[in-house]
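The next block holds one structure in the form of structure tokens; read it before the comments.
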Amino acid sequence: MTDTTSASKHEFKAEIKQLLDILVHSLYTNKDVFLRELVSNASDALEKARFESNSGNETADPDQELAIRISFDKDKNLLVVSDTGIGMSRDELMENIGTIAKSGSAEFLKKAREEKGGLEGLVGKFGVGFYSVFMVAREVVIRTRSIRPGEPAVEWKSDGLGTYEISDLDETVKRGTRIEVHLKEDDGEFAEKQRITGIVKKHSNFVSFPIFVEDERVNTIPAIWREPKFSITKEQYEEFYKFLTFDSEGPLETLHVSVDAPVQFNSLLFIPRQGMDLPVYGKDRYGLDLYVRRVLIEHGNKDLIPEYLGFVRGVVDSEDLPLNVARESLQENALLHKISTVITRQLLSHLQKLAKDDRDKYADFWNNHGRLFKLGYSDYANQEKYAELLRFNSSRFEDAKGLVSFDEYIERAKPDQKEIYYVFGASREAVALNPHMEIFRAKGLEVLYLFDNLDEFAMEAVRKYKDFELQSVEHAEPASLEKFETLKTPQTVEPLAEEDKTVFSSFLDRVKNILGDRVTEVRVSSRLSESPCCLVNPNDGMTSSMQKILQIVSKDTSIPKKIFEVNQDHILIRNLFAIYKANQADDYLSTAVEQLFESSLLLEGYLKDPHAMVSRIQELLNKSSGWYRAVTNA
């Protein structure tokens, strides 16, 4: 036992007493943060000692190794954390151990009272630091000696119940600080090597000073993000990535960033080869690990990176953030917003370069991460870069594997074309059946294929790329396409005779009468060449697919009223017209029109109940098969 002299007893300030009461009597789900705080304080003390030594100042015990040592005694329920850092004098001990008394205590206490569960998330954000040790300690003894020659060693002792005692030590103690944590009976796990080593590797693995647990160094992986990029090999990056992510494969891309302004930080970012589930579908696992001077402050911080870049894994280490992020939560820290802004721009620029330099590799990126990336449609600050990086399948390709950018689409655009056309469909097969595509096929106009609902949101957000308007094929007026040469001449029937044109107009009125207020209008189509009819939105407000998305969100099951367009040159429409001319009230006409209308609803995904449609098809087959049999037997 060390002899002490000049012992003096002191009471904690009122706020410290409240804090200690919370720490001593509350339940915590993750008590290991106390060791992170002790190691962080030790690392900070070693940094200051190194600075003093490098400054040429005279120091006590100058030959000591700068290191942190952790020992334990399971039988005594004792944990000891020692460092050879700057140490403290008697006055500094009284001042520094109570840093929370100077700032942050009131806010911490407020948050602590509001918190329903464990409070480990608050420790370290309000300068609590050292006092978190009382989560596990029944008594704490600090023995320390300042780096300044001639300063006596002192001892600080407290049970955390309201008072502490400071004494001068009689014996000679080397420079640095030794903290003895006499553990509570239920916290003996913190006197076990495996438990201690696990905590150190999780939170303090990249501290720049060696950390020994019972004389075995445990932080053996260097913080390579702090090293110059030219000195790091591809193998080192890959090794670190696998350590960080537990991925068996190396990363697709690596981005090593060092920034001095507007905020100083280092980051090492990786794009994995494989994708992940979207956060919007319940897999909220994105975020970067935030370090302050090599000490892990928060795992998976979501304020450092936008959700649509959530596939990125990596670390960010800032010199500008205080080690304990005192007086404010991380979410409210303006520096994090600045860091996030820089990281986002760096990542987007890196992807732009990848897309330009290695088309196949970017295709791999898009196929694995493109769906998550599309969530960036609301990042208006970076919309130009975002739009440049979007990829789509299109009518130019023979299968769904081909990808095209807006820029590549524009390069192939026809003279006088100022639109980028797109269509939504569940698959290429579904798109092929879309009647609105017929006029684009006939004129050889490329159309982007949207297979994902997120594509619609991307198009709605971007709206215009360079000088080109993004336009759905549904909203393209046939008259605006007349300037483009027709490359594929559709199979036609004889034009309507002059005397039939007036009658055809009354035929359209009959069709409208059959469909009633389910449609807003029935008219002749100039967009169709292969299909007998289609539905068209009465205005260009939104596409049918976007309309369905909004209806799902609002739980609206109604069928929107649209224009019913008919192709007067289609053989089926001509046959129905002939039936109409023979008998305007023919029941077959009503049955066929109902069938055409519901077929159009089915193609657009609005048909709710197919029973009537199936029954009608069987009726039509009965009649047509009888006619066919009569003709073939004639």
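Once you have a ≥ b ≥ c as the square roots of the Cα gyration tensor eigenvalues for segment 498-633, tell me rounded if a/c is under 1.5, and otherwise prolate or oblate according to whether a/b is larger than b/c. List each step's numbers first, then the result.
Values: a/c = 2.24, a/b = 1.44, b/c = 1.55.
Since a/c reaches 1.5 but b/c is at least a/b, the shape of segment 498-633 is classed as oblate.
Straight-line cross-link partners of Lys548 among the aspartates and glutamates, defined as a Cα under 16 Å from its Cα and at least 8 positions apart when in the same chain: Asp452, Asp455, Glu456, Glu460, Glu474, Asp540, Asp556, Glu604. When only the Cβ of Lys, Arg, Asp and Glu is charged (+1, +1, -1, -1), the dipole of segment 498-633 relative to its Cα centre reaches about 240 debye.
Is it possible to state the helix-based mean residue ellipticity at 222 nm for the chain, with each DSSP H run of 4+ residues giving -39500 (n - 2.57), the sum divided by total residues, to the nearest 500 deg cm²/dmol? What is it?
Values: 18 runs with 228 residues, N = 634.
My calculation for the chain gives -11500 deg cm²/dmol from helical runs alone.
The residue list Leu290, Val39, Ala153 was ranked by how far each Cα lies along the charge dipole of the chain toward its positive end, using unit charges on Cβ atoms, and Leu290 comes out on top.
Filter Lys234/Lys385; Lys356/Lys401; Lys374/Lys555; Lys234/Lys338; Lys501/Lys623; Lys401/Lys466 down to the pairs with a C-alpha to C-alpha distance above 21 Å, please. Don't jump to the answer; show the numbers that get you there.
Working: Lys234/Lys385 28 Å; Lys356/Lys401 19 Å; Lys374/Lys555 24 Å; Lys234/Lys338 29 Å; Lys501/Lys623 29 Å; Lys401/Lys466 26 Å.
Exceeds cut-off: Lys234/Lys385; Lys374/Lys555; Lys234/Lys338; Lys501/Lys623; Lys401/Lys466.
Can you tell me how segment 441-494 classifies by the Cα gyration tensor, rounded, prolate or oblate, using a/c under 1.5 as the rounded cut?
Note, shape of segment 441-494 comes out prolate.
Computed packing ranks the peptides 300-313, 410-423, 449-462 as 300-313, 449-462, 410-423, most packed first, by mean other Cβ atoms within 10 Å. Among the chymotrypsin sites (Phe, Trp or Tyr not before Pro) in segment 183-268, those located in a DSSP loop and surrounded by at most 16 other Cβ atoms within 10 Å of their own Cβ are Phe246.
Students often check this: by mean Cβ neighbours within 10 Å, which of 191-204, 365-378 ranks highest, and how do the rest follow? Display every interim value, and only then the final one.
Numbers: 191-204: 17.5, 365-378: 20.0.
Ranking, from highest mean packing down: 365-378, 191-204.
With contacts taken as Cα pairs under 8 Å and at least 6 residues apart, the chain reaches a relative contact order of 9 percent.
Please state the charge dipole magnitude for the chain, taken about the Cα centre, from unit charges on C-beta atoms (+1 on K and R, -1 on D and E), reported in debye and rounded to the nearest 20. Write out the running numbers ahead of the final one.
Values: 82 positive and 105 negative charges, 200 e Å.
So the dipole magnitude of the chain works out to roughly 960 debye.
Taking Cα pairs under 8 Å and at least six residues apart, what relative contact order does segment 413-544 come out at, in percent?
Details: 123 pairs, mean separation 41.5, N = 132.
Value for segment 413-544: 31 percent.
The angle between the Cα long axis of helix 453-462 and the longest principal axis of the Cα atoms of the chain comes to about 90 degrees, rounded to the nearest 10.
Positive-end ranking of Leu602, Gly198, Gly300 along the dipole of the chain, with charges on Cβ about the Cα centre, is headed by Leu602. Taking θ as phi - 60° and the Karplus parameters 6.51, -1.76 and 1.60, the scalar couplings of segment 164-175 work out to 9, 10, 10, 9, 7, 8, 6, 7, 6, 10, 5, 4 Hz in sequence order, x denoting glycine and proline. Taking Cα atoms only, the orientation of helix 14-25 departs from the longest principal axis of the chain by about 70 degrees. Each Cα pair under 8 Å and six or more residues apart adds its separation to the average, and for segment 304-461 the resulting relative contact order is 21 percent.
Here, each number is a calculation from the coordinates, and none is a lab measurement. What you see is a predicted model, and the numbers here were worked out from it, not measured in a lab. We place every Cβ from the backbone using ideal geometry, glycine too, and count neighbours over all the protein chains shown.
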